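J.: The following block contains the structure, expressed as structure tokens.
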Amino acid sequence: TYRGGIMDRDAREAKAMTKELPVKDRMANFWYYKKWWIIGIAAALIVVAITVFEIVNTPQYDLYVGYYSETAVSDETVNRIKETMLDFANDVNDDGVVTISLTPMIASREEESDEFVAVQTRLMSELDSGDNMIFIVDKPYRDYLMSGNNADCFDYELDLNTNPVIMEKIGYSGDLYLLVKSLYERESGDFKKRASHNNAVTIYEAFSNFSG
């Protein structure tokens, strides 16, 4: 149409005028019209880069252990538990190093405090995800996990107090239990989950017969 022809001519003239501008002015003109497009792409690239960095740098452990108790535990005891487990664990992810993740979660089950809600939420999340193949727990948490439907989630249970040698080695006095999570049906086809579960069973058997 006539109007369309005028618009096309104006666009061509504007483009020609832009080409005649100094480089600095052309850059300013480009930034004025394209800045949000550039910012959007840059933001997307940053998000992708951060995601890749987190994936590459997130530690991949050979065994994840949940530790739940009403009473605080020393770092030394936590390290001794991990070191004793490392003596019997295998390298599941084939990175040449055997590693175990174990972070104590402490909260009383007698009152519904903010700490209890946070710890309980994490406990149920870990139980549902199936990542933790071993749970180290005191009696209140043991009684909770081994009651009702929760008990179906576990294959093995060991009262660590039945072996004074291992209790002395880890430097702990008090009720403490080792529970091995079942390999869920949905995990049966996952090689790493099976290998991690085998790690847990091996540790359970070693702790059961531990003699120093």
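Bear in mind that the values in this text are calculations on the coordinates, not laboratory data. Remember, it's a predicted structure, so these values are computed and weren't measured experimentally. So basically every Cβ, Gly included, is an ideal-geometry build from the backbone, and we count neighbours across all protein chains shown.
J.: For Thr71 and Ser182 in one chain, what is 0.36 nm times their gap in residues minus the Cα-Cα distance, to one decimal in nm?
T.: In short, 37.3 nm is gained.
J.: Another question, if that's okay. Quick one: of Lys139/Lys193; Lys139/Lys181; Lys139/Lys169; Lys82/Lys181, which pairs are farther than 22 Å apart, Cα to Cα?
T.: In this structure, Lys139/Lys193 lie more than 22 Å apart at Cα.
J.: Contour minus end-to-end for Phe191 and Asn150, with contour as 0.36 nm per residue of separation and end-to-end as the Cα-Cα distance?
T.: Roughly 12.3 nm would be gained on extension.
J.: Let me ask another. I'd like the FRET efficiency for Trp36 and Ser101, computed as 1/(1 + (r/R0)^6) with the beta carbon distance as r and R0 of 41 Å, rounded to 0.05.
T.: With a Förster radius of 41 Å, E is 0.45.
J.: Starting with the highest mean, order 81-94, 147-160 by the number of other Cβ atoms within 10 Å, averaged over the residues of each peptide.
T.: Per-residue mean Cβ counts within 10 Å order the peptides as 81-94, 147-160.
J.: Then there is this: Mark the label point 7 Å from the Cα of Gln60 along Cα→Cβ and return the residues of the range 131-167 whose backbone N is within less than 18 Å of it.
T.: 131-133
J.: Per the Kirkwood definition applied to all pairs of different Cα atoms, how many angstroms is the hydrodynamic radius of the range 80-187?
T.: The answer is 15.3 Å.
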